[in-house]
Amino acid sequence: MSDTTPDAELFSQSAFIVQLQTATQPLPVFRQALKNAQDVLKQRFLDGHSAVELVASHAQVIDNLLIHAWQQFIPGENNKLALVAVGGYGRGELHPHSDVDILILLAKDDKKLQAAISLFVTFLWDIGLAVGHSVRTLKECVREAKQDITVATNLQEARLLIGPAELFEEQRRLCGPKKLWPSREFFEAKWQEQVARHQKFNDTAYNLEPNIKEGPGGLRDIQMIGWVAKRHFDANTLHDLVTHQFLTEKEYQALYEGQALLWQIRYGLHVLANRREDRLLFDYQRELARQFGYQDDPRSRAVEKFMKQYYRTVMGLSRLNEMLLQLFQEEILYKKTSETPLPINKRFQSRRGFLEVTHVGIFKKYPFALLEVFLVMTQHPELKGVRANTIRLIREHRHLIDVQFRDDLRCRSLFIEILRQPHGVTHELRRMNRYGVLAAYLPVFANIVGQMQHDLFHVYTVDEHTLIVVRNLRRFTVTAHAQEFPLCSELIQKIPKQELLTIAALFHDIAKGRGGDHSRLGESDAMEFCRHHGLSDYDSKLVGWLVLNHLLMSSTAQRKDINDPEIVHEFATLVGDVNRLNYLYLLTVADVRATSPNVWNSWKDTLLRDLYNSTARAFRRGLESPLRDSETIAATQQAARELLLANNIEATTIDTLWTRFDDEYFLRHSADYIAWQSAAIISNTTQQLPLIQIRQGPRGGGTEIFIYTHDHPNLFAHTTSTLDQLGLTIADAHILTASDGYTLDTYIALDENGKPLQDANRILELQQQLIRRISQPDKDLPKSNRQLPRTLKAFRFATDVQFWADEKHARTAMQVMAFDRPGLLSRVARALLDCGVQLHNAKIATYGERAEDIFYITTENELPLSDDTQLECLRTTIRRYLDED
């Protein structure tokens, strides 16, 4: 029988026995004992007790309850079956809502015991335990363990609760490594299991809502180490690895402390969720940060500090996991393989395809080799990795990377040389980050390791995002991926020094979390780095300019009308020349794509590409002689006219139609757009309205929707609500009214995946729904039926509405900064309608949970808004509509 005795406050053995003896039914007694223990454990956690203590105490309570329950149903001294704890419970670890995994072990199948076993298991559920149980004979244990390594792993952690020890030991012998899954096969299978598990989380621990159990660097990785150690060394604790010289005492302490923190977080998750929960969801992060004692300050929020501690912990655990798996490889897979090392230089050699130092004193004698190791890896792609003993030596000698080290010309030259390599730069910068060398060499980088931004736009920590930007840039150089971003692949071959782009990527967000303007602070850091590393003044200033302006191109493309020649000229003037434009475009695409897998879409691709091409044309023309509006209009009309004439449309028909359109129409739209829309109107010989035309954008940006009909105050509201009802996202909207009262409205729409509509049936449904709704403009607007995603609910904030004058077009600009949600635009449309305001144009921009949309509006008489009452009506109504749910 298991000998586990919890303290009396948790479970009083003597009191429990007395209650059982006096009770008419045992069930209430068990339920009350369980509830009392759960309440005490919860309060202890809230009072600050360690989860290490609590999970053990919880397991002890359950041990006692199970043993007493077993004695209620299973005949006295029965030597034919045993009750065994397996899995995490077998290790003596139980979080508040973890499954209680048990094995009912039989010497052989005995139908006489089935009824008693069934009553026992049912009773456990009636108590309130979440039981994961299996009933197996010895033969069945062997068969199942042989077929499924998960079963073998669970049985490896088995612990006898009650029953014959001989039966239990026989099971351990029959399912042990001498009979099943010898350590070599076991290690290879568990290693592949970990690789597959990590891939589910994109091979990064830096997810916005990480899984603290299954994710990289999580509890499962620690368990993986323990499983292999137990299988190969018969180690009962992780500390036994110190005895076997696989871990140093310091490394074991780091492993233990990391596990303790993850346990504390997991325990808190179970308490908060009141169920089993291993995902560190937004809903819980802020409350856990408060429980852990973090507070907001002017530089960062409490939740960001809490998550930074978490990310740094799992990074440290990932490093240990990598090193130990490498050691296990050498001990288990390669121990009997003797191979002469292949020399690389006098400091490094290759053994079994892994890089190692030629002797243990290399880093002490040649500190610069702490950087050279990564350069060697880039220059020898045949190497599979770095040997575990060398990883350990790197970790033990990181303290040598000090001011003197950073000032050493050899070290500075090595670091720049790594960045200049044609291959392997991303891999080695990631390796440098994992080993802690990158943060040691660049102290400013150390500040952003594990630094999160608590929003939905940036789904990675700053250091992970930075390295993804580098990866994206390097991917542009790979011929096999040239079709993904053809313009980027073309431009990266033209820029004279690709390493400058890599340096700009490393520093573009280096000052996040410090307070102040991170772009300006980052510029200073980047310039200092470049000059310290011997770059020319021109190159240093270029890198500094890129860091300072890394947001310029994306903000211009998403927030301004890039079809306006003045906007393009203004942007070109800020950029200065085509060389800077090339660098900035490449950095911008790589940066936006690295914020989140869901942020980049075909519309952003088109916007940035169009802005690049327009700016490049402005440079070819010369910034000193920008295009006048009249020249732009004439050129656009000529190109559109040629397209229409080619389709056998008469010139007089074209001219008659175009007299109804004002100059803004020809300034805003491309010749292709104008020809498409003009042809649709001219070919509508029946004059049936509304006329709805839908096509895929010729540049792949999105689904283009053209609406031509009689103007009506409800038109924008009905259109946006219809698109919302169909689950579409509006990326852009152009609202124009011809001189005779007809509208020429154009929308760019994307599907749920940020791509143009491809399904012909869905496009037809869209067209039919728009015709039906717009044909009945006086009908009430339908309410949005789209549910708010769970992740968005954690980031709600109050709506802000601001106004300024758009003097060039004699309009008022209104910016709505709001919590993004389904139906946002249709709600704004209702507010415009309620306040008697006319919409002319809209720029739609969404950053994670934050919508920052700009609307260009006038009064019903097409004058700028000057009445404070009307402005206040808009502000109040928009806030009410957007903040009401």
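The values are calculated or read from the model by the stated rules, or taken from the named source; none is laboratory data. The model shown is predicted, which means the values in this text are computed figures rather than measured ones. No Cβ is skipped: glycine too gets one built from the backbone with ideal geometry, and neighbour counts run over all protein chains shown. Note: areas computed on protein heavy atoms with side chains; ligands, DNA, RNA excluded. Shrake-Rupley method; radii C 1.70, N 1.55, O 1.52, S 1.80 Å.
Within the stretch 435-487, being at pLDDT 95 or above, within 24 Å of residue 321 (Cα to Cα) and surrounded by fewer than 19 Cβ atoms within 10 Å (Cβ to Cβ) holds for one residue alone: 471. For the stretch 739-766, the tally of residues that are open to solvent by 60 Å² or more (accessible area, probe 1.4 Å) and either over 31 Å from the mean Cα position of the chain (by Cα) or at positive phi (or both) stands at 6.
If the condition is being under 29 Å from residue 749 (Cβ atoms), of a type in the set (Phe, Trp, Tyr) and open to solvent by less than 10 Å² (accessible area, probe 1.4 Å), then the stretch 572-607 contributes only 585. Of the residues making up the stretch 1-45, those that are polar (S, T, N, Q) and either closer than 20 Å to residue 131 by Cα or touching a Pro at 6+ places or on another chain (Cβ under 8 Å) (or both) are 2, 4, 32, 36, 38. Here residue 724 meets the list (1) touching a residue at least 60 places away in the same chain (Cβ under 8 Å); (2) out of contact with any Ser or Thr (no Cβ under 8 Å at 6 or more places or on another chain) almost entirely, failing just condition (2).
Inside the stretch 227-270, residues that are within 20 Å of residue 182 (Cα to Cα), of a type outside the set (A, V, I, L, M, F, W, C) and without any contact (Cβ under 8 Å) to a residue 24 or more places away in the chain make up a count of 5.
Here's the yes/no breakdown for (1) among the charged types (D, E, K, R); (2) in a loop (DSSP other than H, G, I, E, B):
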| position | (1), (2) |
| --- | --- |
| 150 | no, no |
| 155 | no, no |
| 161 | no, no |
| 167 | no, no |
| 177 | no, yes |
| 186 | no, no |
| 191 | no, no |
| 197 | yes, no |
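Which of the residues belonging to the stretch 849-860 are part of a strand (DSSP E or B), closer than 30 Å to residue 459 by Cβ and in contact with an Asp or Glu (Cβ under 8 Å, 6 or more places away or on another chain)? Those that are part of a strand (DSSP E or B), closer than 30 Å to residue 459 by Cβ and in contact with an Asp or Glu (Cβ under 8 Å, 6 or more places away or on another chain): 850, 851.
Residue 10 meets all of the listed conditions (1) more than 14 Å from residue 67 (Cα to Cα); (2) open to solvent by 20 Å² or more (accessible area, probe 1.4 Å); (3) not in a helix (DSSP H, G or I) but one, namely (2). Criterion applied to 213, 200, 178, 230 was being open to solvent by 20 Å² or more (accessible area, probe 1.4 Å), more than 29 Å from residue 270 (Cβ to Cβ) and charged (D, E, K, R), and the one residue passing it is 178. For residue 110, are the conditions met, namely being crowded, with 16+ Cβ neighbours inside 10 Å and charged (D, E, K, R)? Considered against the rule, which asks whether it is crowded, with 16+ Cβ neighbours inside 10 Å and charged (D, E, K, R), residue 110 comes out as no.
In this structure, does residue 394 turn out to be under 21 Å from residue 250 (Cα atoms) and at pLDDT 95 or above? Yes, satisfied. Within the option set 294, 366, 310, being free of Cβ contacts under 8 Å to residues at least 60 places away in the same chain and either buried (at least 21 other Cβ atoms within 10 Å of the Cβ) or farther than 29 Å from residue 203 by Cβ (or both) holds for one residue only, 366.
For residues in the stretch 476-491 being aliphatic (A, V, I, L, M) and part of a helix (DSSP H, G or I), which is farthest from residue 593 (Cα to Cα)? Selected residue: 480.
Exactly one residue among 543, 470 is part of a helix (DSSP H, G or I) and under 19 Å from residue 433 (Cβ atoms), and that residue is 470. Number of residues in the stretch 147-205 that are among the basic types (Lys, Arg) and farther than 20 Å from residue 321 by Cα: the value is 5. The single condition among (1) touching a residue at least 60 places away in the same chain (Cβ under 8 Å); (2) on the phi > 0 side of the Ramachandran plot that residue 460 does not meet is (2). Within the stretch 279-291, being in contact (Cβ under 8 Å) with a residue 60 or more places away in the chain and of a type in the set (Asp, Glu) holds for one residue alone: 283. Among the residues of the stretch 380-399, the one identified as exposed (fewer than 15 other Cβ atoms within 10 Å of the Cβ) and either among the aromatic types (Phe, Trp, Tyr) or within 21 Å of residue 360 (Cβ to Cβ) (or both) is 399. The single condition among (1) open to solvent by 30 Å² or more (accessible area, probe 1.4 Å); (2) under 13 Å from residue 583 (Cα atoms); (3) outside any helix (DSSP H, G or I); (4) not acidic (Asp, Glu) that residue 495 does not meet is (1). Inside the stretch 531-540, residues that are open to solvent by 20 Å² or more (accessible area, probe 1.4 Å) and either assigned to a helix (DSSP H, G or I) or closer than 24 Å to residue 602 by Cβ (or both) make up a count of 4. Among the strands (runs of 3 or more DSSP E) confined to the stretch 767-848, the ones with at least 1 residues that are open to solvent by 60 Å² or more (accessible area, probe 1.4 Å) and at pLDDT 85 or above are located at 800-806. How many residues does the stretch 117-148 contain that are out of contact with any His (no Cβ under 9 Å at 6 or more places or on another chain) and either open to solvent by 20 Å² or more (accessible area, probe 1.4 Å) or basic (Lys, Arg) (or both)? Final tally of qualifying residues: 20.
Scan the stretch 377-432 for residues that are in a loop (DSSP other than H, G, I, E, B) and under 16 Å from residue 499 (Cβ atoms) and the total you get is 4.
With respect to the conditions (1) closer than 22 Å to residue 144 by Cα; (2) in contact with a Lys or Arg (Cβ under 9 Å, 6 or more places away or on another chain); (3) surrounded by 20 or more Cβ atoms within 10 Å (Cβ to Cβ); (4) of a type outside the set (Val, Ile, Thr), residue 159 falls short on a single one, namely (3).
Step by step: first the residues of the stretch 254-291, then only those that are aliphatic (A, V, I, L, M) and closer than 23 Å to residue 39 by Cβ, then the one that is most open to solvent (accessible area, probe 1.4 Å). Which residue is that? Per the criteria, the residue is 272. None of 68, 49 is under 38 Å from the mean Cα position of the chain (by Cα) and open to solvent by 20 Å² or more (accessible area, probe 1.4 Å) except 49.
Only one of the listed residues (595, 556) is assigned to a helix (DSSP H, G or I) and within 29 Å of residue 847 (Cβ to Cβ). That residue is 556. Taken over the stretch 691-738, the criterion of being closer than 15 Å to residue 606 by Cβ, open to solvent by less than 30 Å² (accessible area, probe 1.4 Å) and of a type in the set (S, T, N, Q) is satisfied by 703 alone. For beta carbons closer than 6 Å, sequence separation of 6+ or different chains, a first residue in the stretch 137-162 that is farther than 23 Å from residue 78 by Cβ and basic (Lys, Arg) and a second that is part of a helix (DSSP H, G or I) and open to solvent by less than 20 Å² (accessible area, probe 1.4 Å), there are no qualifying pairs.
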